[in-house]
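A.B. asks: Can you read through this structure? Questions will come right after.
Every number here is computed from the coordinates shown, using simple stated rules; none is lab data. None of these values were measured; they are calculated from a predicted model. All Cβ positions, glycine included, derive from the backbone under ideal geometry; neighbour counts span all protein chains shown.
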């Protein structure tokens, strides 16, 4: 089935849940910046949770569907686009993302998933290297995507229980595990609000707030870093790495965001703010288990509503 | 060996301090021991200079409920123990990389030579005359951080990074040298370009080089560059 891109939007890319096993080659994890929203968007249309979906950023696209399909949009909210529930699109129908209402990134899934070749075990777009997804790049006006044909029957009118969603906010507090160089900094990370600047991208959120001053001047040697790592360059403005983070970093690592709170970061737009609170690795794992159980329950509930035709 | 959490999905092991041959040898053998174990739930192993990071999925470490981190640490300690008794790795691979130095391919060669107080030809001879060791792969897919740059060629990074460095560019940053495998921004001094492809996403492995490889550069002319296969 073909999906025509009438207007591409600001940065619309094909994403999935990322790549494993290639960090040592310098290949980022990548995938959806908000993996939670992508998983739910896929489950809502009967796909496996790691299927491909479109990641929409700040300004959404306008798409035309050649044939009838089920789609779902999760994550950021846009005018004219109902979120967190399956939507039936008729043959020749369009979906137009209006003004952004809340959040930064939305995920548009389609029953069957978008048909792109896997590269290094992932189907997501790695913009920095121009590989994966749709020709290694963001969508442009006039592109035509293919989706894997699949017929599904969805019953009734419903949307998912908002209580299973992350606590999305324009001013969230995210939980962090102290990093190797935490003791070389003061308490400002935990006592202040940090603003998200326009220089943020899929690689990282560049924050501004009180300058974080490192007490040690010792030279650091580059080490592995990962999505969630908070680095502090010499200018004292922290960078929180997200999906397309470089695999190595040489700046002090003040803390690491718990995996379950990364979706909250992915939904921050320039001008929004963030605060940090301390947690432990054990607590972060417990939170991840709870989230996993919530998604499994949701999956079970959906199985009663979605049937192959 | 010091073990610390790198967030909730990796443990980082520090095996020494600074960039010395003994530390780096133990980094490589430790990383090999982790990979050789094929332990389910270890998703990535990233050696770099003095550290090895092991990325894990906590759902695979449930022997002690609520302490996946401790279990990963105990697993890594057992790998370190095995690595200690492993025979030293047989001779490292040596990869020769052809480079067309200067001209349009190496716009910073003249300035770099000036900063180092040598003629451009001497800078090329020094760069192509040294043996390098891949200490880490990162920055962009397949980018090798190479140690072994002659002291005479140490040059600070550019004040303003370039927004676009073409794939194949060979560059010097501080006491290191490297090759940009894909088009990317970059702040190092660009002294030449290789026709060799260092990153092929559809091949396994995708990166030409891996930590522990030895690298030598070989100066080639522009016609040799153009006809290189």
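A.B. asks: What FRET efficiency comes out for the pair residue B:82/residue A:2, r = Cβ-Cβ distance, R0 = 45 Å, nearest 0.05?
C.D. replies: 0.25
A.B. asks: Additional query: Roughly speaking, what is the stretch gain from residue A:155 to residue A:303, that is 0.36 nm per residue apart minus the C-alpha to C-alpha distance, in nm to one decimal?
C.D. replies: 52.2 nm
A.B. asks: Counting only helical runs of four or more DSSP H residues, what would the 222 nm mean residue ellipticity of the protein assembly as shown come to if each run contributes -39,500 (n - 2.57) and the total is spread over all its residues?
C.D. replies: So the calculated ellipticity at 222 nm is -5500 deg cm²/dmol.
A.B. asks: Grab the Cα-Cα distance for residue B:224 and residue B:96, subtract it from 0.36 nm times how many residues apart they are, and report the gain in nm with one decimal.
C.D. replies: My answer for the length gained is 44.6 nm.
A.B. asks: Here's another thing I want to ask about it. Give me the angle, in degrees from 0 to 90, between the Cα long axis of helix A:281-303 and the longest principal axis of the Cα atoms of chain A, rounded to the nearest 10.
C.D. replies: The answer is roughly 10 degrees.
A.B. asks: Please state, as a whole number in µm²/s, the translational diffusion coefficient that the Stokes-Einstein equation yields for chain B at 20 °C and 1.002 mPa s, with Rh defined as the Kirkwood radius across alpha carbon pairs.
C.D. replies: Value of D from the Cα-based Kirkwood radius: 112 µm²/s.
A.B. asks: Hey, what did chain A get for relative contact order, percent, Cα under 8 Å, at least 6 apart?
C.D. replies: So the answer I get is 21 percent.
A.B. asks: Report relative contact order for chain B in percent, whole number only (criteria: Cα-Cα under 8 Å, sequence separation at least 6).
C.D. replies: It rounds to 19 percent for chain B.
A.B. asks: How crowded by other chains is A:167-178, given as the mean number of beta carbons from other chains within 10 Å of each beta carbon?
C.D. replies: 1
A.B. asks: Sorted by average packing, counted as other Cβ atoms within 10 angstrom per residue and highest first, what order do A:161-168, B:6-13, B:50-57, A:213-220 take?
C.D. replies: Highest-to-lowest ranking by the protection proxy: B:6-13, B:50-57, A:161-168, A:213-220.
A.B. asks: Is there a simple number for the mean count of other chain Cβ atoms within 10 Å of the Cβ of residues in A:281-287, and what is it?
C.D. replies: 6
A.B. asks: Of the residues A:265, A:189, A:38, which exhibits the maximal mean-square fluctuation in a Gaussian network model of chain A defined by a 10 Å Cα contact cut-off?
C.D. replies: Most flexible of the set in this elastic network: A:189.
A.B. asks: Okay, which of segment A:157-188 sit inside 16 Å, backbone N to the point 7 Å along the Cα-Cβ direction of residue A:88?
C.D. replies: Once the point is set 7 Å along Cα→Cβ of residue A:88, A:157-159 turn out to lie under 16 Å by backbone N, inside segment A:157-188.
A.B. asks: Taking a temperature of 37 °C and a viscosity of 0.692 mPa s, what whole-number D in µm²/s does Stokes-Einstein yield for the protein assembly as shown with Rh from Kirkwood over alpha carbon pairs?
C.D. replies: 134 µm²/s
A.B. asks: Now, a different point. Looking only at other chains, what is the average number of their beta-carbon atoms within 10 angstrom of each beta-carbon in A:12-25?
C.D. replies: Neighbouring Cβ atoms belonging to other protein chains average 4 per residue here.
A.B. asks: Write down the Kirkwood hydrodynamic radius of segment B:1-83, to one decimal in angstroms, obtained as one divided by the mean of 1/r over all alpha carbon pairs.
C.D. replies: 12.6 Å
A.B. asks: A further question follows. Against the longest alpha carbon principal axis of chain A, how many degrees, from 0 to 90 and to the nearest 10, is the axis of helix A:35-44 turned?
C.D. replies: That helix lies at roughly 20 degrees to the long axis.
A.B. asks: Using Cα pairs under 8 angstrom and six or more residues apart, how large is the relative contact order of segment A:173-278, in percent?
C.D. replies: Worked out over segment A:173-278, it gives 42 percent.
A.B. asks: Could you check what % of the DSSP bridge pairs in the protein assembly as shown are antiparallel, to the nearest 5?
C.D. replies: Among the beta bridges of the protein assembly as shown, antiparallel pairing accounts for roughly 90 percent.
A.B. asks: How many angstrom lie between the Cα centre of segment A:19-74 and the Cα centre of segment B:35-59?
C.D. replies: Between the Cα centre of segment A:19-74 and that of segment B:35-59, the gap is 26 Å.
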